[in-house]
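The next block holds one structure in the form of structure tokens; read it before the comments.
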Amino acid sequence: MELFFLLLLVVIMATALGSGFPVAFALPGSAIITVALAALCGYLFTGNPDAYFTHGGPVQWLSAGVTNFRGVYWEVERDTLIAIPLFIFMGIMLQRSRIAEDLLVTMAQLFGPMPGGLGISVVLVGALLAATTGIVGATVVAMGLISLPAMLRNNYSHSLATGTISASGTLGQIIPPSIVLIILADQLASATDQASSARKALYKESTGELSMPSAFDVSSTSAGEMFLGALIPGLILVGIYVTYIAVLAFFRPKLAPAVPYEGKYDWAFALRVLLILVPPLALIFVVLGSIIMGVATVNQAGSIGAAGALIMAGYRLCEGNKRTYWPVCLAVLSLLAILVVVQTNPINIRNISTPSDEFWLVVAVIAVGTFLFSLLWSGWRVFKVENTLNMVMLETAKTTSLVFIILLGAAMLTAAFRAFGGEELVKDFLTGLPGGFWGQFFIVMLVIFILGFFLDFIEIAVVVVPIVAPILLADPSANVTAVWLGVMIGLNIQTSFLTPPFGFALFYLRGVAPAIVKTVSMYKGVIAFIGLQLTALVIVAFNPQLVNYLPQRVSLTSETAPPPINPRLQHCIEKSLFQTYRENQSAFTQAISRVNALDLSILPQSLQNDLKESFTKAGGTFALVGDVEKASAEIDNRADAYRPLHSEVRSIEKSIRDIEERIKGLNITLGRNQRADDTDQDAINSLKAQIGALRAEQEKLKASIPSIWSEKNKEFVSLLNKEKIARQKYRRNVDNAYEPVRETIQIIEDDKKLETLETDLKALESVVATKPFAEAVEVVAKVIQDVRGIAGNRSIRSPLSKVRRSLRGRTPDRDKASAELAKAISAFEKERTWRKTASESLLQDLKEYEATIRYNIGLRMQPKIPDDQAIALAGCAANHRDISLNF
């Protein structure tokens, strides 16, 4: 019965959408109707409303709906959706203020004289509008009204003209900032949590170990990372479009003839081009650049974009006015002033202490006030001119409400789909496909592509992604990143605007195209661009670096970058460092030999021992690297022969686990029937027969596991453990080879800090001898606190602590305190003596040695990876790594 209600859910949803019922109500409505019918039938026929649900029942479904509602509106961690209305406002404001129109006209004049130039200008403007508006309908309509008549007048092919405009308008779906990328990031954030849990469970079942190494976990994503990941694929898609039009115009110039510009290419034209192109380009740079450079979050960047669009609209709608550019000039000057303040003297109101701080605070307040005034002035202009602000706010509210209602409705639909066991069916279907991950991925992409013929991008993103993404992300054989998967789905979803019969870009263009342009021509025109989009999809699929590199680079070079000791980074760090060791082993060996020859006798014995041991470990690094590489080579040599057996057995074991789950479900149903008042013995016997048949099938599967599996698995696991132990030895070795050197240098350098304590320390003699005990304890405690800030303070701090203990309590003892103080002063003088000598004779050599090994042997102990190494590391981390043999 669960399958019946699952099918009913899909049929009701498809019927509602096909009949034109609003999506925002079709999704939750189909879920509500199906859940209500299932609960009613369960109550009427079995007395239990939960009977026809695979998971939970109507109460649990309702609870899931409330949880989803709370997740969208109240979870602090899920604040990415706040950016949606901000970017929608930005896009509609730029479209309503006719800035998009200016861009189209200017680019057409600039590129028109070359063959296919008008079409190329449409693509480039589409890319610019995608990075500023991101709203397909507005972009297609604007370009259809302005560019299509010009292209038709100049004898452009109807199919090429309409296809170019439709395809260019859809670029806003993949070029950031994009609403679909924000929604995908939100959906993938929860999908990665589910995938992580599934992968941990798989690791536990496969290996028997309770915890999975964090290096094997699924990494999550954010809207900012999605923006970064989609940037290069979006530009590649633009390049493919431009190349196609240019090549077509070269071989068939009649389809896309040159359009000569009637004016002159003089300084006045150049100035006009700059005035029209620079502001949108500057806005794009500020919005995306602030995200890429880590200056702003996606929400903050959305606010920047909304404010920038308002200021731009303020001068564009008032052209010809004497004070047209005053608000934007005030805004630019105030931003420059704020930038100067930030770079010259960063403001911290709590730490204002000097006249200079006060001056810069006043400058900052004036600059911020001026910017706010320019923003309000621009807003007042937009409000007064053609009631633009009211119209933009109304459209923003409508679009945002639509998006959020669909999000909530899709969450209800997805919860119902899971309640009837749909997720398990999809999972079993996908995991049962041949070809492993890529077979599953191809089917998912194909399904999304076909759904694009009938559904909008939001519906696909919020209904399909939560179901299939956890399955794909959990697969350790591909180990794909959530960013890559999101961008691939985004590129695929983009085709939904072009694919007939419900290609929305075609509808938008049909509404503004003249009657001379036939609908058939429009359908023919988009076929080539659909093919180009699929080509881009294939390119990105087989080159994950195009997506992953930018997010990895920004993450690893940012101020909040993970430290080098992070487990996720070790594979790539060691791959790079092992190459460095091979290339520079002689230089490292010479540096180690030089420090081994140093006279360390002036140091305390403990430091001598630690340093000598660290030098020995540094010299042993290369042998340990050899052990790691040898162990890795053994795994690589055995992996190809072992992988088919591993895949076969893990597939069988998965089938066994699936059958066990089905048996558990049947046992639950059997228990319900046995407890029912009107016990149906035939039904009970049928359930027992099913359970028996499944048990037999389970035993048959267990018997099908090859007899050599146990031995081969044990051998390969032994190799994996051997490599794991070799890497652990290497990591412990390099940590211990570097840390004593750094600590010794810090101890010697802190001699200057130690010198400043001499007066206070010797003054304690009179304090201990004469001051009241409470006061003396306070003074000693302050000196101890100062001593704590000095490296290698134990020999001084320990007797000082005994001084403090001797002076407090029920029976204070001044004599004992004085004796301990004398020990502290003696230790102080010894420390001063050897540190001063070491500073003169050892410090420089140790610092040179530390600088030599800092970013190789000592890299794991650094707080941050150097930018040059981080950039190289990003290239390695951008690739997907098969980790399935560890499971």
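If I filter the stretch 733-745 for residues that are among the acidic types (Asp, Glu), outside any helix (DSSP H, G or I) and on the phi < 0 side of the Ramachandran plot, do I get at least one hit? Within the stretch 733-745, not a single residue is among the acidic types (Asp, Glu), outside any helix (DSSP H, G or I) and on the phi < 0 side of the Ramachandran plot.
For residue 798, state whether it is in contact with an Asp or Glu (Cβ under 7 Å, 6 or more places away or on another chain) and either open to solvent by 70 Å² or more (accessible area, probe 1.4 Å) or among the hydroxyl-bearing types (Ser, Thr, Tyr) (or both). Criteria not met by residue 798. Residue 821 satisfies every condition listed in (1) part of a helix (DSSP H, G or I); (2) open to solvent by 10 Å² or more (accessible area, probe 1.4 Å); (3) of a type outside the set (Phe, Trp, Tyr) except (2). Here are the criteria: (1) in contact with a helix residue (DSSP H, G or I) (Cβ under 9 Å, 6 or more places away or on another chain); (2) part of a helix (DSSP H, G or I); (3) open to solvent by 20 Å² or more (accessible area, probe 1.4 Å). Tell me which single one residue 803 does not satisfy. (3) is the only condition that residue 803 fails. As a summary of the residue check, residue 240 satisfies the conditions (1) farther than 29 Å from residue 537 by Cα; (2) in contact with a Leu (Cβ under 7 Å, 6 or more places away or on another chain); (3) assigned to a helix (DSSP H, G or I); (4) aliphatic (A, V, I, L, M) except for the one numbered (1). Considering 720, 757, the condition of being open to solvent by less than 40 Å² (accessible area, probe 1.4 Å) and modelled with pLDDT under 90 is satisfied by 757 alone. Would you check if there is a residue in the stretch 155-166 being open to solvent by less than 10 Å² (accessible area, probe 1.4 Å) and closer than 21 Å to residue 280 by Cα? Scanning the stretch 155-166, I find at least one residue that is open to solvent by less than 10 Å² (accessible area, probe 1.4 Å) and closer than 21 Å to residue 280 by Cα, so the answer is yes.
Within the stretch 667-677, is there a residue that is acidic (Asp, Glu), without any contact (Cβ under 8 Å) to a residue 60 or more places away in the chain and farther than 30 Å from residue 853 by Cβ? There is no residue in the stretch 667-677 that is acidic (Asp, Glu), without any contact (Cβ under 8 Å) to a residue 60 or more places away in the chain and farther than 30 Å from residue 853 by Cβ. Residue pairs whose Cβ atoms lie under 6 Å apart, sitting 6 or more positions apart in sequence or on different chains, and linking a residue in the stretch 283-298 that is within 13 Å of residue 90 (Cβ to Cβ) to a partner that is at pLDDT 75 or above and β-branched (Val, Ile, Thr), are 286/304; 287/304.
Being assigned to a helix (DSSP H, G or I), modelled with pLDDT of 90 or more and open to solvent by 20 Å² or more (accessible area, probe 1.4 Å) is a property that residue 852 has. Just one of (1) of a type in the set (Gly, Ala, Ser); (2) over 30 Å from residue 225 (Cα atoms); (3) out of contact with any Gly (no Cβ under 9 Å at 6 or more places or on another chain); (4) in contact (Cβ under 8 Å) with a residue 60 or more places away in the chain fails for residue 364. It is (4).
A quick yes/no check of all residues on (1) closer than 30 Å to residue 231 by Cα; (2) assigned to a helix (DSSP H, G or I):
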| residue | (1), (2) |
| --- | --- |
| 278 | yes, yes |
| 291 | yes, yes |
| 308 | yes, yes |
| 315 | yes, yes |
| 319 | no, no |
| 324 | no, no |
| 327 | no, yes |
| 336 | yes, yes |
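Conditions tested, residue by residue: (1) open to solvent by 80 Å² or more (accessible area, probe 1.4 Å); (2) in contact with a His (Cβ under 8 Å, 6 or more places away or on another chain); (3) farther than 22 Å from residue 104 by Cα.
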{"residue": "246", "(1), (2), (3)": "no, no, no"}
{"residue": "251", "(1), (2), (3)": "yes, no, yes"}
{"residue": "260", "(1), (2), (3)": "yes, no, no"}
{"residue": "271", "(1), (2), (3)": "yes, no, no"}
{"residue": "285", "(1), (2), (3)": "yes, no, no"}
{"residue": "297", "(1), (2), (3)": "no, no, yes"}
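When the stretch 442-467 is limited to residues that are assigned to a loop (DSSP other than H, G, I, E, B) and modelled with pLDDT under 75, the one that is nearest to the chain's Cα centre (by Cα) turns out to be 456. Taken over the stretch 677-716, residues that are open to solvent by 90 Å² or more (accessible area, probe 1.4 Å) and either touching a Pro at 6+ places or on another chain (Cβ under 9 Å) or in a helix (DSSP H, G or I) (or both) amount to 9.
Number of residues in the stretch 529-586 that are β-branched (Val, Ile, Thr), in contact with a helix residue (DSSP H, G or I) (Cβ under 8 Å, 6 or more places away or on another chain) and either farther than 27 Å from residue 505 by Cβ or open to solvent by less than 30 Å² (accessible area, probe 1.4 Å) (or both) equals 7.
The values are calculated or read from the model by the stated rules, or taken from the named source; none is laboratory data. Just so it is clear, the structure is predicted and the values come from calculations on it, not from any experiment. Reconstructed Cβ throughout: ideal geometry from the backbone, glycine too, with neighbour counts over all protein chains shown. The area values use the complete protein model at the heavy-atom level, side chains included, leaving out ligands, DNA and RNA. Shrake-Rupley method; radii C 1.70, N 1.55, O 1.52, S 1.80 Å.
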